[in-house]
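The values are calculated or read from the model by the stated rules, or taken from the named source; none is laboratory data. Just so you know, these numbers come straight off a predicted model, no measurement behind them. Every residue, glycine as well, gets a Cβ built from its backbone with ideal geometry; the counts of neighbours run over all protein chains shown. We work out accessible area using only protein heavy atoms, side chains counted, and drop any ligands, DNA or RNA first. Shrake-Rupley method; radii C 1.70, N 1.55, O 1.52, S 1.80 Å.
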Amino acid sequence: MSSQSILLNGVTYRWPSRPVVVVCIDGGDPAYIEQCIRDGIIPNIARFMREGFSAISDGTVPSFTCPNNMSLITGAPPAVHGISGNYYLDVATREAVVMTDPALLRSRTILAEFADVGAKVVSITAKDKLRKQLGKDLDLTRGNISFSSEKADQCSLQENGIENVLDLVGMPLPDMYSMDLSLFVLEAGVRLLERDRPDLMFLSLTDYIQHKHAPGDPVANEFYRRIDEKFGRLAELGAIVALTADHGMNDKSTPAGKPNVIYLQDILDQEFGMGDTRVICPITDAFVKHHGALGGFVRVWCLGGKATPEAIIDLLKDMPGIAAALDKATVCRQFDLPPDREGDVAVIGDINVVIGASEAEHDLSSLGDARLRSHGAVTEAQVPFILNHPLSESYRQRAASGTLKSHQIFDYAINGVEVRP
(Lines give C-alpha, C1' and ligand atoms only; values in the text may rest on other atoms or scores of the structure.)
Protein backbone atom coordinates (compact mmCIF):
# COMPACT_ATOMS: atom_id res chain seq x y z
CA MET A 1 0.00 0.00 0.00
CA SER A 2 1.28 3.46 -0.90
CA SER A 3 1.53 6.15 1.75
CA GLN A 4 0.90 8.88 -0.80
CA SER A 5 -2.09 11.16 -0.67
CA ILE A 6 -3.37 13.55 -3.31
CA LEU A 7 -4.53 17.14 -3.09
CA LEU A 8 -7.22 18.29 -5.52
CA ASN A 9 -9.46 21.34 -5.42
CA GLY A 10 -8.66 22.02 -1.79
CA VAL A 11 -9.28 18.48 -0.52
CA THR A 12 -6.56 16.05 0.58
CA TYR A 13 -7.46 12.43 -0.14
CA ARG A 14 -5.53 9.77 1.77
CA TRP A 15 -4.54 6.51 0.15
CA PRO A 16 -7.58 4.17 0.14
CA SER A 17 -7.36 1.55 2.88
CA ARG A 18 -9.31 -0.89 0.68
CA PRO A 19 -11.01 -0.70 -2.74
CA VAL A 20 -13.41 2.24 -2.98
CA VAL A 21 -16.34 1.94 -5.41
CA VAL A 22 -18.43 5.05 -6.04
CA VAL A 23 -21.64 4.45 -8.00
CA CYS A 24 -23.62 7.23 -9.65
CA ILE A 25 -27.20 5.94 -10.00
CA ASP A 26 -28.30 8.10 -12.92
CA GLY A 27 -31.76 9.49 -12.19
CA GLY A 28 -31.65 7.88 -8.75
CA ASP A 29 -34.25 10.00 -7.01
CA PRO A 30 -34.48 9.23 -3.27
CA ALA A 31 -38.15 8.31 -3.81
CA TYR A 32 -37.10 5.08 -5.54
CA ILE A 33 -35.05 3.93 -2.59
CA GLU A 34 -37.76 4.97 -0.14
CA GLN A 35 -40.37 2.97 -2.07
CA CYS A 36 -38.14 -0.07 -2.45
CA ILE A 37 -37.31 -0.01 1.27
CA ARG A 38 -41.03 -0.05 2.02
CA ASP A 39 -41.46 -2.94 -0.42
CA GLY A 40 -38.53 -4.83 1.15
CA ILE A 41 -36.79 -5.49 -2.18
CA ILE A 42 -33.37 -3.85 -1.69
CA PRO A 43 -31.86 -5.62 1.33
CA ASN A 44 -28.27 -4.56 0.59
CA ILE A 45 -29.02 -0.85 0.31
CA ALA A 46 -31.20 -1.15 3.40
CA ARG A 47 -28.28 -2.72 5.28
CA PHE A 48 -25.88 0.00 4.08
CA MET A 49 -28.29 2.64 5.36
CA ARG A 50 -28.76 0.87 8.67
CA GLU A 51 -25.15 -0.08 9.39
CA GLY A 52 -23.24 2.56 7.44
CA PHE A 53 -24.27 6.12 6.63
CA SER A 54 -27.26 7.55 4.80
CA ALA A 55 -28.37 11.09 4.04
CA ILE A 56 -29.91 13.23 1.33
CA SER A 57 -27.38 15.55 -0.28
CA ASP A 58 -27.50 18.55 -2.57
CA GLY A 59 -26.48 17.78 -6.13
CA THR A 60 -25.30 20.24 -8.75
CA VAL A 61 -27.82 22.56 -10.42
CA PRO A 62 -28.67 22.27 -13.27
CA SER A 63 -29.52 18.74 -12.26
CA PHE A 64 -28.22 17.05 -15.40
CA THR A 65 -25.88 14.13 -16.00
CA CYS A 66 -22.69 15.77 -17.26
CA PRO A 67 -22.24 18.54 -14.67
CA ASN A 68 -22.99 16.19 -11.80
CA ASN A 69 -20.71 13.40 -12.97
CA MET A 70 -17.88 15.89 -13.39
CA SER A 71 -18.58 17.31 -9.93
CA LEU A 72 -18.40 13.80 -8.45
CA ILE A 73 -15.03 12.93 -9.99
CA THR A 74 -13.41 16.33 -9.32
CA GLY A 75 -14.91 16.87 -5.86
CA ALA A 76 -15.86 20.38 -6.93
CA PRO A 77 -18.73 22.45 -8.39
CA PRO A 78 -19.01 23.52 -12.06
CA ALA A 79 -17.43 26.90 -11.31
CA VAL A 80 -14.22 24.91 -10.83
CA HIS A 81 -14.49 22.14 -13.42
CA GLY A 82 -16.37 24.10 -16.08
CA ILE A 83 -19.02 21.58 -17.17
CA SER A 84 -22.46 23.09 -16.59
CA GLY A 85 -24.62 21.08 -18.98
CA ASN A 86 -24.51 19.05 -22.17
CA TYR A 87 -24.53 22.18 -24.36
CA TYR A 88 -23.70 25.87 -24.16
CA LEU A 89 -23.76 28.64 -26.77
CA ASP A 90 -20.53 29.89 -28.31
CA VAL A 91 -21.45 33.57 -28.59
CA ALA A 92 -18.80 34.25 -31.23
CA THR A 93 -20.15 31.64 -33.64
CA ARG A 94 -23.72 31.48 -32.27
CA GLU A 95 -23.40 27.71 -32.44
CA ALA A 96 -24.36 25.30 -29.68
CA VAL A 97 -21.26 23.50 -28.39
CA VAL A 98 -21.39 19.97 -26.99
CA MET A 99 -19.76 20.00 -23.55
CA THR A 100 -18.50 16.40 -23.49
CA ASP A 101 -15.10 17.22 -25.00
CA PRO A 102 -12.40 16.46 -22.38
CA ALA A 103 -10.68 19.72 -23.35
CA LEU A 104 -13.62 21.61 -21.80
CA LEU A 105 -13.02 20.01 -18.39
CA ARG A 106 -10.98 22.52 -16.39
CA SER A 107 -10.02 20.34 -13.46
CA ARG A 108 -7.99 17.23 -12.99
CA THR A 109 -9.98 14.29 -11.67
CA ILE A 110 -9.61 12.32 -8.46
CA LEU A 111 -9.18 9.22 -10.63
CA ALA A 112 -6.30 10.62 -12.68
CA GLU A 113 -4.57 12.11 -9.64
CA PHE A 114 -4.56 8.77 -7.82
CA ALA A 115 -3.50 6.90 -10.95
CA ASP A 116 -0.49 9.18 -11.34
CA VAL A 117 0.81 8.15 -7.91
CA GLY A 118 0.39 4.45 -8.56
CA ALA A 119 -3.24 3.60 -7.81
CA LYS A 120 -5.12 1.21 -10.06
CA VAL A 121 -8.25 2.96 -11.27
CA VAL A 122 -11.36 1.83 -13.16
CA SER A 123 -14.00 4.09 -14.72
CA ILE A 124 -17.05 2.53 -16.37
CA THR A 125 -20.00 4.47 -17.70
CA ALA A 126 -23.18 3.45 -19.47
CA LYS A 127 -23.13 6.04 -22.26
CA ASP A 128 -19.95 6.67 -24.18
CA LYS A 129 -20.61 10.44 -24.17
CA LEU A 130 -19.15 10.57 -20.63
CA ARG A 131 -16.27 8.18 -21.05
CA LYS A 132 -13.58 10.54 -22.31
CA GLN A 133 -14.24 13.19 -19.68
CA LEU A 134 -14.39 10.62 -16.89
CA GLY A 135 -11.15 9.13 -18.15
CA LYS A 136 -9.35 12.39 -18.87
CA ASP A 137 -5.58 12.19 -18.15
CA LEU A 138 -5.95 8.56 -17.05
CA ASP A 139 -2.80 6.66 -18.08
CA LEU A 140 -4.15 3.45 -19.61
CA THR A 141 -0.69 1.97 -20.10
CA ARG A 142 -0.36 1.35 -16.35
CA GLY A 143 -3.28 -1.02 -15.82
CA ASN A 144 -6.01 1.60 -15.54
CA ILE A 145 -9.31 1.04 -17.34
CA SER A 146 -11.95 3.34 -18.85
CA PHE A 147 -14.85 2.18 -21.04
CA SER A 148 -18.60 2.37 -21.60
CA SER A 149 -21.16 -0.40 -21.78
CA GLU A 150 -22.53 1.30 -24.92
CA LYS A 151 -19.33 0.42 -26.81
CA ALA A 152 -18.10 -2.52 -24.75
CA ASP A 153 -17.74 -4.58 -27.92
CA GLN A 154 -15.18 -2.11 -29.32
CA CYS A 155 -12.79 -1.88 -26.37
CA SER A 156 -9.06 -1.96 -26.99
CA LEU A 157 -6.00 -1.80 -24.79
CA GLN A 158 -4.95 1.48 -26.42
CA GLU A 159 -8.30 3.26 -26.10
CA ASN A 160 -9.73 1.67 -22.97
CA GLY A 161 -7.00 -0.26 -21.16
CA ILE A 162 -8.98 -3.48 -21.64
CA GLU A 163 -10.22 -5.80 -24.38
CA ASN A 164 -12.64 -8.71 -24.66
CA VAL A 165 -15.06 -7.01 -22.28
CA LEU A 166 -18.11 -8.99 -23.37
CA ASP A 167 -16.31 -12.21 -22.49
CA LEU A 168 -15.25 -10.81 -19.12
CA VAL A 169 -18.74 -9.65 -18.19
CA GLY A 170 -20.60 -12.62 -19.64
CA MET A 171 -23.39 -10.46 -21.08
CA PRO A 172 -24.22 -9.48 -24.66
CA LEU A 173 -23.85 -5.87 -25.73
CA PRO A 174 -26.84 -4.13 -24.13
CA ASP A 175 -29.43 -2.04 -25.91
CA MET A 176 -29.15 1.71 -25.31
CA TYR A 177 -32.75 1.89 -24.10
CA SER A 178 -32.73 -0.87 -21.51
CA MET A 179 -31.92 -1.55 -17.89
CA ASP A 180 -29.16 -3.85 -19.12
CA LEU A 181 -27.04 -0.83 -20.09
CA SER A 182 -26.69 -0.02 -16.38
CA LEU A 183 -26.56 -3.63 -15.22
CA PHE A 184 -23.65 -4.22 -17.59
CA VAL A 185 -21.70 -1.40 -15.88
CA LEU A 186 -22.25 -2.95 -12.47
CA GLU A 187 -21.49 -6.52 -13.53
CA ALA A 188 -18.29 -5.31 -15.19
CA GLY A 189 -17.37 -3.57 -11.95
CA VAL A 190 -17.95 -6.75 -9.97
CA ARG A 191 -15.84 -8.84 -12.34
CA LEU A 192 -12.97 -6.35 -12.34
CA LEU A 193 -13.07 -6.05 -8.56
CA GLU A 194 -12.83 -9.84 -8.34
CA ARG A 195 -10.03 -10.07 -10.91
CA ASP A 196 -7.90 -6.97 -10.35
CA ARG A 197 -8.91 -5.45 -7.00
CA PRO A 198 -8.40 -1.85 -8.16
CA ASP A 199 -7.95 0.91 -5.60
CA LEU A 200 -10.67 3.16 -7.00
CA MET A 201 -13.71 2.49 -9.18
CA PHE A 202 -16.28 4.93 -10.54
CA LEU A 203 -19.40 3.33 -12.01
CA SER A 204 -21.90 5.63 -13.72
CA LEU A 205 -25.30 4.29 -14.80
CA THR A 206 -28.03 5.60 -17.12
CA ASP A 207 -31.51 6.85 -16.27
CA TYR A 208 -33.68 5.29 -18.96
CA ILE A 209 -35.69 3.29 -16.41
CA GLN A 210 -36.33 6.28 -14.15
CA HIS A 211 -37.43 8.40 -17.12
CA LYS A 212 -40.02 5.79 -18.03
CA HIS A 213 -41.07 4.24 -14.72
CA ALA A 214 -42.14 5.91 -11.48
CA PRO A 215 -41.22 4.64 -8.00
CA GLY A 216 -43.23 1.52 -7.23
CA ASP A 217 -43.71 0.62 -10.89
CA PRO A 218 -42.93 -3.09 -11.41
CA VAL A 219 -40.15 -2.33 -13.92
CA ALA A 220 -38.55 0.24 -11.61
CA ASN A 221 -38.79 -2.22 -8.71
CA GLU A 222 -37.13 -4.95 -10.78
CA PHE A 223 -34.33 -2.59 -11.77
CA TYR A 224 -33.64 -1.59 -8.19
CA ARG A 225 -33.81 -5.19 -7.04
CA ARG A 226 -31.18 -6.11 -9.60
CA ILE A 227 -28.81 -3.21 -8.95
CA ASP A 228 -29.14 -3.89 -5.23
CA GLU A 229 -27.87 -7.42 -5.83
CA LYS A 230 -24.79 -5.98 -7.60
CA PHE A 231 -24.14 -3.58 -4.73
CA GLY A 232 -24.23 -6.50 -2.33
CA ARG A 233 -21.65 -8.37 -4.38
CA LEU A 234 -19.33 -5.35 -4.41
CA ALA A 235 -19.60 -5.14 -0.63
CA GLU A 236 -18.98 -8.88 -0.21
CA LEU A 237 -15.73 -8.44 -2.12
CA GLY A 238 -14.53 -6.06 0.58
CA ALA A 239 -15.10 -2.71 -1.09
CA ILE A 240 -16.17 0.52 0.49
CA VAL A 241 -19.33 1.12 -1.55
CA ALA A 242 -20.64 4.67 -1.92
CA LEU A 243 -23.95 5.33 -3.67
CA THR A 244 -25.19 8.67 -4.94
CA ALA A 245 -26.96 10.06 -8.01
CA ASP A 246 -26.48 12.79 -10.56
CA HIS A 247 -30.06 14.00 -10.23
CA GLY A 248 -33.53 13.01 -9.21
CA MET A 249 -36.60 12.62 -11.42
CA ASN A 250 -40.15 13.97 -11.37
CA ASP A 251 -43.36 13.53 -13.33
CA LYS A 252 -43.63 16.36 -15.84
CA SER A 253 -46.99 15.51 -17.40
CA THR A 254 -50.44 17.05 -17.33
CA PRO A 255 -53.35 15.21 -15.67
CA ALA A 256 -54.26 14.00 -19.17
CA GLY A 257 -50.81 12.42 -19.55
CA LYS A 258 -49.35 14.91 -22.05
CA PRO A 259 -45.91 16.48 -21.52
CA ASN A 260 -46.33 19.66 -19.48
CA VAL A 261 -44.11 21.93 -21.58
CA ILE A 262 -43.42 25.64 -21.71
CA TYR A 263 -41.94 26.38 -25.14
CA LEU A 264 -39.83 29.34 -24.11
CA GLN A 265 -38.31 30.19 -27.49
CA ASP A 266 -41.77 30.62 -28.99
CA ILE A 267 -42.76 32.92 -26.12
CA LEU A 268 -39.62 35.03 -26.50
CA ASP A 269 -39.95 35.20 -30.30
CA GLN A 270 -43.49 36.48 -29.96
CA GLU A 271 -42.44 39.10 -27.42
CA PHE A 272 -39.11 40.28 -28.84
CA GLY A 273 -39.07 39.07 -32.45
CA MET A 274 -37.49 36.14 -34.26
CA GLY A 275 -33.73 35.86 -33.84
CA ASP A 276 -33.52 38.27 -30.92
CA THR A 277 -32.84 35.51 -28.37
CA ARG A 278 -31.52 31.96 -28.37
CA VAL A 279 -32.77 29.30 -25.97
CA ILE A 280 -30.42 26.37 -25.29
CA CYS A 281 -31.71 23.24 -23.56
CA PRO A 282 -28.66 21.82 -21.75
CA ILE A 283 -30.31 18.42 -21.22
CA THR A 284 -29.94 17.72 -24.96
CA ASP A 285 -27.79 14.79 -26.03
CA ALA A 286 -27.82 12.13 -28.73
CA PHE A 287 -30.36 9.99 -26.86
CA VAL A 288 -33.65 11.86 -26.48
CA LYS A 289 -36.10 8.98 -26.78
CA HIS A 290 -36.78 9.07 -23.05
CA HIS A 291 -37.00 12.85 -22.49
CA GLY A 292 -37.42 14.63 -25.83
CA ALA A 293 -34.66 17.12 -24.88
CA LEU A 294 -37.05 18.60 -22.31
CA GLY A 295 -35.75 19.42 -18.85
CA GLY A 296 -36.31 21.82 -15.99
CA PHE A 297 -33.44 24.25 -16.69
CA VAL A 298 -32.71 26.24 -19.86
CA ARG A 299 -30.47 29.14 -20.76
CA VAL A 300 -31.30 32.22 -22.81
CA TRP A 301 -28.79 34.34 -24.70
CA CYS A 302 -29.66 37.87 -25.83
CA LEU A 303 -28.37 38.41 -29.35
CA GLY A 304 -28.27 42.16 -29.66
CA GLY A 305 -31.86 43.18 -30.34
CA LYS A 306 -34.41 44.62 -27.96
CA ALA A 307 -34.37 41.66 -25.55
CA THR A 308 -32.42 42.32 -22.36
CA PRO A 309 -31.98 40.09 -19.32
CA GLU A 310 -34.14 42.49 -17.32
CA ALA A 311 -36.93 42.42 -19.91
CA ILE A 312 -36.89 38.61 -20.09
CA ILE A 313 -36.95 38.24 -16.32
CA ASP A 314 -39.80 40.72 -16.07
CA LEU A 315 -41.75 38.81 -18.74
CA LEU A 316 -41.34 35.48 -16.97
CA LYS A 317 -41.41 36.41 -13.29
CA ASP A 318 -45.10 35.66 -12.74
CA MET A 319 -45.60 33.02 -15.43
CA PRO A 320 -47.20 29.79 -14.14
CA GLY A 321 -44.75 26.90 -14.24
CA ILE A 322 -41.64 29.09 -13.96
CA ALA A 323 -39.95 28.78 -10.58
CA ALA A 324 -37.19 31.31 -11.30
CA ALA A 325 -35.68 33.45 -14.02
CA LEU A 326 -32.22 34.60 -12.95
CA ASP A 327 -29.58 36.80 -14.53
CA LYS A 328 -26.09 35.45 -15.14
CA ALA A 329 -24.48 36.86 -12.03
CA THR A 330 -27.25 35.56 -9.78
CA VAL A 331 -27.43 32.03 -11.15
CA CYS A 332 -23.64 31.68 -11.11
CA ARG A 333 -23.45 32.87 -7.51
CA GLN A 334 -26.40 30.78 -6.35
CA PHE A 335 -25.35 27.51 -8.00
CA ASP A 336 -21.56 27.90 -8.35
CA LEU A 337 -21.54 27.94 -12.17
CA PRO A 338 -18.88 29.18 -14.64
CA PRO A 339 -19.91 32.62 -15.99
CA ASP A 340 -18.33 32.21 -19.42
CA ARG A 341 -20.55 29.21 -20.15
CA GLU A 342 -23.72 30.69 -18.72
CA GLY A 343 -26.51 32.40 -20.64
CA ASP A 344 -27.74 35.91 -20.01
CA VAL A 345 -30.78 34.43 -18.24
CA ALA A 346 -31.31 31.01 -16.65
CA VAL A 347 -34.91 29.82 -16.49
CA ILE A 348 -35.88 27.09 -14.02
CA GLY A 349 -39.16 25.20 -14.04
CA ASP A 350 -41.50 24.10 -11.29
CA ILE A 351 -41.57 20.52 -10.08
CA ASN A 352 -44.12 19.36 -12.69
CA VAL A 353 -42.99 21.45 -15.68
CA VAL A 354 -40.35 21.13 -18.38
CA ILE A 355 -39.06 24.00 -20.49
CA GLY A 356 -38.26 23.65 -24.17
CA ALA A 357 -36.99 25.88 -26.94
CA SER A 358 -39.50 26.19 -29.80
CA GLU A 359 -42.17 23.54 -30.24
CA ALA A 360 -40.84 22.76 -33.72
CA GLU A 361 -37.42 21.81 -32.31
CA HIS A 362 -38.68 18.99 -30.06
CA ASP A 363 -39.67 15.57 -31.38
CA LEU A 364 -42.05 14.08 -28.83
CA SER A 365 -43.12 11.14 -30.97
CA SER A 366 -41.25 8.64 -28.80
CA LEU A 367 -42.82 9.83 -25.53
CA GLY A 368 -46.27 8.38 -26.06
CA ASP A 369 -45.63 5.10 -24.25
CA ALA A 370 -45.31 6.65 -20.78
CA ARG A 371 -45.82 9.85 -18.85
CA LEU A 372 -42.92 12.25 -19.28
CA ARG A 373 -40.51 12.14 -16.35
CA SER A 374 -37.51 14.46 -16.43
CA HIS A 375 -35.07 16.59 -14.43
CA GLY A 376 -32.86 19.66 -14.47
CA ALA A 377 -34.56 21.94 -11.95
CA VAL A 378 -33.74 22.56 -8.30
CA THR A 379 -36.56 20.12 -7.48
CA GLU A 380 -34.45 17.26 -8.89
CA ALA A 381 -31.21 18.24 -7.15
CA GLN A 382 -31.74 16.21 -3.96
CA VAL A 383 -29.91 12.89 -4.24
CA PRO A 384 -29.00 9.91 -2.01
CA PHE A 385 -25.63 9.79 -0.22
CA ILE A 386 -25.12 6.26 1.12
CA LEU A 387 -22.04 4.44 2.40
CA ASN A 388 -21.85 0.80 3.41
CA HIS A 389 -19.60 1.58 6.40
CA PRO A 390 -20.11 4.10 9.22
CA LEU A 391 -18.34 7.44 9.30
CA SER A 392 -15.67 8.53 11.72
CA GLU A 393 -16.81 10.88 14.46
CA SER A 394 -15.35 13.94 12.73
CA TYR A 395 -17.13 13.18 9.47
CA ARG A 396 -20.40 12.41 11.27
CA GLN A 397 -20.20 15.82 12.89
CA ARG A 398 -19.33 17.44 9.60
CA ALA A 399 -22.27 15.81 7.81
CA ALA A 400 -24.64 16.89 10.58
CA SER A 401 -23.42 20.45 10.89
CA GLY A 402 -23.44 21.69 7.30
CA THR A 403 -24.95 21.21 3.88
CA LEU A 404 -23.88 17.86 2.47
CA LYS A 405 -22.93 18.06 -1.22
CA SER A 406 -23.00 15.04 -3.52
CA HIS A 407 -19.62 16.07 -4.96
CA GLN A 408 -18.10 15.23 -1.56
CA ILE A 409 -18.81 11.51 -2.07
CA PHE A 410 -15.18 10.52 -2.77
CA ASP A 411 -13.99 12.57 0.21
CA TYR A 412 -16.40 10.78 2.54
CA ALA A 413 -15.75 7.35 1.04
CA ILE A 414 -11.95 7.67 1.14
CA ASN A 415 -11.33 9.92 4.14
CA GLY A 416 -14.44 9.63 6.23
CA VAL A 417 -15.28 5.93 6.45
CA GLU A 418 -14.48 4.01 9.59
CA VAL A 419 -14.06 0.38 8.54
CA ARG A 420 -14.84 -2.04 11.31
CA PRO A 421 -13.25 -5.52 11.42
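From the list P43, P67, P77, the one residue that fits, being modelled with pLDDT of 95 or more and either open to solvent by 30 Å² or more (accessible area, probe 1.4 Å) or of a type in the set (K, R) (or both), is P43. Summed over region 374-410, the residues that are more than 15 Å from G59 (Cβ to Cβ) and not polar (S, T, N, Q) give a count of 11. Determine whether I348 is farther than 20 Å from P67 by Cβ, over 17 Å from the mean Cα position of the chain (by Cα) and among the β-branched types (V, I, T). Against the criterion (farther than 20 Å from P67 by Cβ, over 17 Å from the mean Cα position of the chain (by Cα) and among the β-branched types (V, I, T)), I348 does not qualify.
The condition (being of a type in the set (D, E, K, R), within 18 Å of Y88 (Cβ to Cβ) and out of contact with any Leu (no Cβ under 6 Å at 6 or more places or on another chain)) is satisfied by just one residue among D251, D327, D269, D350: D327. Among residues of region 116-129 being among the hydrophobic types (A, V, I, L, M, F, W, C) and either without any contact (Cβ under 8 Å) to a residue 40 or more places away in the chain or closer than 13 Å to N160 by Cα (or both), the one that is surrounded by the most Cβ atoms within 10 Å (Cβ to Cβ) is I124. Which of the residues spanning region 332-372 are at pLDDT below 95, over 18 Å from D251 (Cβ atoms) and of a type in the set (A, V, I, L, M)? Hits for region 332-372 are A357, A360. The residue of region 345-380 that is nearest to P282 (Cα to Cα), among those that are open to solvent by 40 Å² or more (accessible area, probe 1.4 Å) and of a type in the set (D, E), is E361. Scanning region 153-175 for residues that are over 17 Å from I227 (Cα atoms) and either of a type in the set (G, A, S) or open to solvent by less than 60 Å² (accessible area, probe 1.4 Å) (or both) gives C155, S156, N160, G161, I162, V165, L166, L168. As for region 46-54, it holds at least one residue that is among the hydrophobic types (A, V, I, L, M, F, W, C), modelled with pLDDT of 95 or more, touching a Phe, Trp or Tyr at 6+ places or on another chain (Cβ under 8 Å) and open to solvent by 10 Å² or more (accessible area, probe 1.4 Å).
Scanning region 186-219 for residues that are within 21 Å of C36 (Cα to Cα), among the aliphatic types (A, V, I, L, M) and buried (at least 22 other Cβ atoms within 10 Å of the Cβ) yields a count of 3. Of the residues screened, S17 is not one that is touching a Phe, Trp or Tyr at 6+ places or on another chain (Cβ under 9 Å) and either of a type in the set (G, A, S) or at pLDDT 95 or above (or both).
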